[in-house]
Amino acid sequence: MADKADIMVLGTGSFAARIVFDLAAAAARPVTIVVAGRNTERLAWLRSAANARAVIFGRPASFISRTVDLLAPDAAAELIAAYRPSVLVQAASSQPASVISTQGDAWSQLVAEGGLSATAVFQARLSARIARAVKAVHPQCQFINCCFPDVANSMIAACDLPIACGVGNIAILSNAFAGELGRRDPGALQMIAHYQTIQPWRQPVAARKGPVPRVWLDGKEILDVLGTFVGVRITPEPAVEISGASGVPLMLAMAEGSEWRGHVPGPRGLPGGYPVAYRRGDLALDLPPGLTESNVVAWNAAFEEKNGLVIDGGKVRYTGVLHDRLRAASPVLAEGFDVRDLEAVYEEMTRLRATLQARKAR
């Protein structure tokens, strides 16, 4: 049996790298981190660079790597059983995040017009497999899904699988906003945000429009969010420098049993993002005064009700522009599906994506 790991990170892409490298620079107590994925050469670099960064910053973090095909039968379960991590971070996806900035083909056009929920099946499929392995062999593990957690985490929860939370999205804005105000005290700024509310800050100031998050400072709601944070700018590309880093303090708190306050998407499979607190092994909503869970969940859920993907009683249905664009490309997929059929729907959606990627945008 292998040595026990404190944190396990699945994936070798830019998002996983950001997490691994920041764990190396941030760990205050001894921590062992396993990085696992298919790309052996990339894993060797991540391990070497992470261990080097731990030396550079004088941090007691150590990294090991394991080559594994997570899609192979029982591979995830065997890996988890071998290391029994306190925290498992799933950052491997079959849909590159770069789709948000890609142009020219019919698939990227569908995503641009219909929204990122068009990719939810690709994001949720592997994460649901990993969650199933966690449930089977190590249910005490804190499972964090980094792949489109605002929506995918609800799909995982609907499959009766464990999910602690996600990383990024709401935390991109909450940390950027707190940084703009110069506030470093945890809990001073609280926010309710869906991933769709990030878009205005990806635009030049003069062009900013669209829905914005709700933000409170010291318990008082900020009414002019666009004006207050006019100086904040988010890249059109995936903002991994913030999003990947945002989960690191929580991962370390989970691994060492300490406390933490901040923002995460998809806690316990809820739609959208919320302020949360991690105490005594439990991650709970940490809401501004006067708000209830039902209030904030309804506010976040309204975004997907208007346009996106909604899960109700284990059934997935597409809404708004996304439904219309999907119906034009595949009437069968546009009808929605039962979450239990995720694997079959993934295969059908993969065929549709390949067809549309081979076609020029209109």
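The values are calculated or read from the model by the stated rules, or taken from the named source; none is laboratory data. Source: prediction; values computed, not measured. With ideal geometry, Cβ positions are generated from the backbone for all residues, glycine too; neighbour counts draw on all protein chains shown.
Can you tell me which residues in the stretch 185-196 are assigned to a strand (DSSP E or B) and touching a Pro at 6+ places or on another chain (Cβ under 8 Å)? 190, 191, 192, 193, listed by residue number.
Could you identify the single residue in 53, 66 that is crowded, with 17+ Cβ neighbours inside 10 Å, under 20 Å from residue 93 (Cα atoms) and charged (D, E, K, R)?
From the options 53, 66, the qualifying one is 66.
Residue 345 meets all of the listed conditions (1) touching a strand residue (DSSP E or B) at 6+ places or on another chain (Cβ under 7 Å); (2) not in a helix (DSSP H, G or I) but one, namely (2). Please work out which residue is surrounded by the fewest Cβ atoms within 10 Å (Cβ to Cβ), limiting yourself to the stretch 112-146 and to residues that are within 18 Å of residue 353 (Cα to Cα) and free of Cβ contacts under 8 Å to residues at least 60 places away in the same chain. So, considering only residues that are within 18 Å of residue 353 (Cα to Cα) and free of Cβ contacts under 8 Å to residues at least 60 places away in the same chain, the one surrounded by the fewest Cβ atoms within 10 Å (Cβ to Cβ) is 112.
This table checks each residue for (1) polar (S, T, N, Q); (2) under 21 Å from the mean Cα position of the chain (by Cα); (3) not in a loop (DSSP other than H, G, I, E, B).
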position	(1), (2), (3)
177	no, yes, yes
183	no, no, no
199	yes, yes, yes
211	no, yes, no
227	no, no, yes
235	yes, yes, no
243	yes, yes, yes
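Against the test of being assigned to a loop (DSSP other than H, G, I, E, B) and under 16 Å from residue 153 (Cα atoms), the options 288, 271 yield a single qualifying residue, 271.
Taking residue 104, is it on the phi > 0 side of the Ramachandran plot, out of contact with any His (no Cβ under 7 Å at 6 or more places or on another chain), modelled with pLDDT of 95 or more and of a type outside the set (D, E, K, R)? Answer is no for this residue.
The set of residues in the stretch 324-351 that are under 23 Å from residue 270 (Cα atoms) and either in contact (Cβ under 8 Å) with a residue 60 or more places away in the chain or of a type in the set (Lys, Arg) (or both) comprises 339, 340, 342, 343, 345, 346. The combined condition, being in contact with a helix residue (DSSP H, G or I) (Cβ under 6 Å, 6 or more places away or on another chain) and part of a helix (DSSP H, G or I), is fulfilled by residue 172. With the structure loaded, tell me whether residue 66 is within 19 Å of residue 144 (Cβ to Cβ) and assigned by TED's automatic domain parsing to the domain that holds residue 136 or whether it fails that test. For residue 66, the condition - within 19 Å of residue 144 (Cβ to Cβ) and assigned by TED's automatic domain parsing to the domain that holds residue 136 - is met.
Within the stretch 338-362, take every residue that is among the small types (Gly, Ala, Ser) and within 25 Å of the chain's Cα centre (by Cα) and give me the one that is nearest to residue 310 (Cα to Cα).
Taking the candidates together, the pick is 344.
Of the strands (runs of 3 or more DSSP E) lying entirely inside the stretch 1-98, those containing at least 1 residues that are farther than 21 Å from residue 128 by Cα span 31-37, 61-67.
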